[in-house]
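These notes concern the structure reproduced below.
The values are calculated or read from the model by the stated rules, or taken from the named source; none is laboratory data. Here the structure is a predicted model, which is why all the values come from computation and not from measurement. Note that each Cβ is placed from the backbone with ideal geometry, even for glycine, and that neighbours are counted across all protein chains shown.
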Amino acid sequence: MKNISQINTDIVAPKHSSILGNMGDTGTLGRFDWWLFTIMLVILSIGLIMVLSASGIVAEQVNGDKYYFFKRQLLFACLGGVALWCAALLPRGWLYKMQYPALFIALALLLVTLSPLTPSINGAKRWIPMGFFSVQPMEFVKIALAIYLAYFMSAKQDIIKTFSRGVVPPFVVTGVFCFLLLLQPDFGSAVVLASILLFMCIAGGTRFLYLFFALAFAVAGAMALAISSPYRLRRLLAFLDPFQDAHNTGYQLVQSLLAIGSGGFFGVGIGASKQKMFYLPEAHNDFIMAVLCEELGFVGMSVVMILFALLFWRCYKIIMGQRNLRDRFTAFGLTIILAMGAVMNLAVVMGVAPPKGVPMPLMSYGGSNLLATMLCVGLLMNFSRTSDAT
């Protein structure tokens with residue numbers, strides 16, 4: 001099977017500099033992919049409704065305002081809309097000058113989370129308090145890493161199959177970020193970054209032998225971390241059989257499965273979920289899809305999954321419509337960020353993977369994730385202007 005770079009060798013622009021110089025001329029860039037924007041808007045609207053439904057009871061009990069989380073999510077959606085359109089109209093040359101500054105900013109933000117300046121929440125230091133809200137740097141680290149890897153895979157095609165120059169640099173960069181995430185600790189986010197690297201390497205043409213050994217090393221390291229940490233080991237064992245310890249380590253997954261099973265075919269109706277009433281932790285956040293299944297049933301879940309499938313189909317069309325190799329790799333990396341979030345969240349909610357704290361794009365409550373997701377969509381709309389397939 002051919003990788004992205006092999007498919008694109010006959011159409012890639014010979015010089016990146018000429019491409020960068022022309023990106024500011026919006027008159028020759030064609031139209032946006034309005035299908036992508038419309039699908040994103042529909043999913044976001046459903047997400048806002050579900051946040052309102054899933055968070056009302058908790059918000060009234062904790063904050064004295066049942067609309068507390070909904071109003072904040074609506075505000076973040078508006079800010080995300082501004083970020084989306086800024087990214088969609090951003091000259092491509094400006095974007096491609098940011099691969100190293102974005103990495104250094106992301107690195108600095110992660111270091112700040114590990115400093116005494118940030119509080120520990122539930123035993124983890126993942127957020128930077130900013131007064132009215134908190135920023136989770138990991139959401140923007142993913143974008144910075146994708147932009148860097150796209151640059152590396154496109155600019156280093158002549159050495160990509162060598163070990164010292166084609167494999168070591170991206171693995172070291174990704175490894176540094178993963179190490180900092182493990183210090184927070186945030187094992188799930190480290191897995192997400194490693195997955196982005198894996199898919200970008202496959203698309204870029206890295207030798208499968210190198211990827212095989214890297215994957216084996218990563219799996220061995222993950223197992224060692226799980227065994228060495230009683231907390232992670234308990235969560236792993238609970239994932240394998242959550243009902244064995246349904247009132248402790250397996251509680252959250254059991255409640256998620258009960259919510260999914262209670263929905264039946266058509267669901268119990270919007271606002272009628274029982275699991276959100278202090279039974280299911282993080283009902284409006286990481287486990288919002290369980291509440292959706294309970295309230296809208298199999299039919300509602302199927303509609304949402306079809307919408308996500310259409311969203312990723314439009315992303316695929318944008319990727320394959322790029323003539324420039326770096327454009328194609330960057331669009332691919334942004335799509336991987338969105339796809340990984342959706343797949344990993346569903347895997348956790350349905351008990352296919354251990355709980356990792358990965359929010360559902362456009363659906364889960366959380367300002368950082370929503371802003372980063374809409375920024376990705378905005379950049380993909382930017383690339384849709386130069387796509388032959390949209």
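For segment 40-146, please list each of the helices (runs of 4 or more DSSP H) lying entirely inside it that holds at least 2 residues being among the charged types (D, E, K, R).
Values: elements: 68-89, 92-95, 99-113.
In segment 40-146, 68-89 are the helices (runs of 4 or more DSSP H) which contain 2 or more residues that are among the charged types (D, E, K, R).
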request  = Give segment 31-78 a look and list any residue that's of a type in the set (K, R), touching a Lys or Arg at 6+ places or on another chain (Cβ under 8 Å) and without any contact (Cβ under 8 Å) to a residue 12 or more places away in the chain, or say none.
outcome  = none
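Residues checked against (1) surrounded by fewer than 16 Cβ atoms within 10 Å (Cβ to Cβ); (2) touching a His at 6+ places or on another chain (Cβ under 8 Å):
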{"position": "L110", "(1), (2)": "no, no"}
{"position": "I121", "(1), (2)": "yes, no"}
{"position": "P137", "(1), (2)": "no, no"}
{"position": "V141", "(1), (2)": "no, no"}
{"position": "Y148", "(1), (2)": "no, no"}
{"position": "A155", "(1), (2)": "yes, yes"}
{"position": "D158", "(1), (2)": "yes, no"}
{"position": "V167", "(1), (2)": "no, no"}
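Matching residues to (1) touching a His at 6+ places or on another chain (Cβ under 8 Å); (2) in a helix (DSSP H, G or I); (3) farther than 22 Å from N345 by Cβ:
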residue	(1), (2), (3)
L181	no, yes, no
A194	no, yes, no
M200	no, yes, no
T206	no, no, yes
A214	no, yes, yes
R235	no, yes, no
S256	no, yes, no
S262	no, yes, no
key: Close pairs (8 angstrom Cβ cut-off, 6 or more residues apart or separate chains): closer than 14 Å to G56 by Cβ in segment 262-288, of a type in the set (K, R) anywhere   = A283/K276; H284/K276
ask   = With respect to S189, is the statement that it is at pLDDT 85 or above and polar (S, T, N, Q) true?
value = yes
task = Could you check how many residues of segment 297-306 are under 24 Å from the mean Cα position of the chain (by Cα) and either at positive phi or crowded, with 16+ Cβ neighbours inside 10 Å (or both)?
result = 3
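One line per residue, one yes/no per condition, for (1) farther than 17 Å from M40 by Cβ; (2) touching a strand residue (DSSP E or B) at 6+ places or on another chain (Cβ under 8 Å); (3) outside any loop (DSSP other than H, G, I, E, B):
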| site | (1), (2), (3) |
| --- | --- |
| I270 | yes, no, no |
| E282 | yes, no, no |
| D286 | yes, no, no |
| E294 | yes, no, yes |
| I306 | no, no, yes |
| R314 | no, no, yes |
| K317 | no, no, yes |
| Q322 | yes, no, no |
query = Is it fair to say I270 is crowded, with 21+ Cβ neighbours inside 10 Å and touching an Asp or Glu at 6+ places or on another chain (Cβ under 9 Å)?
reply = no
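Of the residues that make up segment 333-348, is at least one hydroxyl-bearing (S, T, Y), in a helix (DSSP H, G or I) and under 14 Å from the mean Cα position of the chain (by Cα)? Full working, then the answer.
If we filter segment 333-348 for residues that are hydroxyl-bearing (S, T, Y), which is where we start, we get 335.
With in a helix (DSSP H, G or I) added as a condition, the list becomes 335.
Now restrict to residues that are under 14 Å from the mean Cα position of the chain (by Cα): 335.
Among the residues of segment 333-348, at least one is hydroxyl-bearing (S, T, Y), in a helix (DSSP H, G or I) and under 14 Å from the mean Cα position of the chain (by Cα), which makes the answer yes.
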query = Being at pLDDT below 90, outside any strand (DSSP E or B) and among the basic types (K, R), is that true of even one residue in segment 148-158?
reply = yes
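Return a yes/no flag: does segment 350-361 have any residue that is closer than 21 Å to T249 by Cβ and without any contact (Cβ under 8 Å) to a residue 12 or more places away in the chain.
Just the residues of segment 350-361 that are closer than 21 Å to T249 by Cβ, to begin with: 350-358.
Subset that is without any contact (Cβ under 8 Å) to a residue 12 or more places away in the chain: 352.
Within segment 350-361 (the criterion being closer than 21 Å to T249 by Cβ and without any contact (Cβ under 8 Å) to a residue 12 or more places away in the chain), the answer is yes, since at least one residue qualifies.
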note = When segment 192-236 is checked residue by residue, the ones that are closer than 19 Å to F332 by Cβ, free of Cβ contacts under 8 Å to residues at least 12 places away in the same chain and either among the hydroxyl-bearing types (S, T, Y) or touching a Pro at 6+ places or on another chain (Cβ under 9 Å) (or both) are none
task = Kindly indicate whether F239 is in contact with a Lys or Arg (Cβ under 8 Å, 6 or more places away or on another chain), crowded, with 17+ Cβ neighbours inside 10 Å and either among the aliphatic types (A, V, I, L, M) or more than 23 Å from T335 (Cβ to Cβ) (or both).
result = no
note = Cβ pairs under 6 Å, 6+ apart or interchain, first in segment 94-110 and closer than 15 Å to F177 by Cα, second outside any helix (DSSP H, G or I) and not small (G, A, S), ordered by first then second residue, are L109/P137; L110/P137
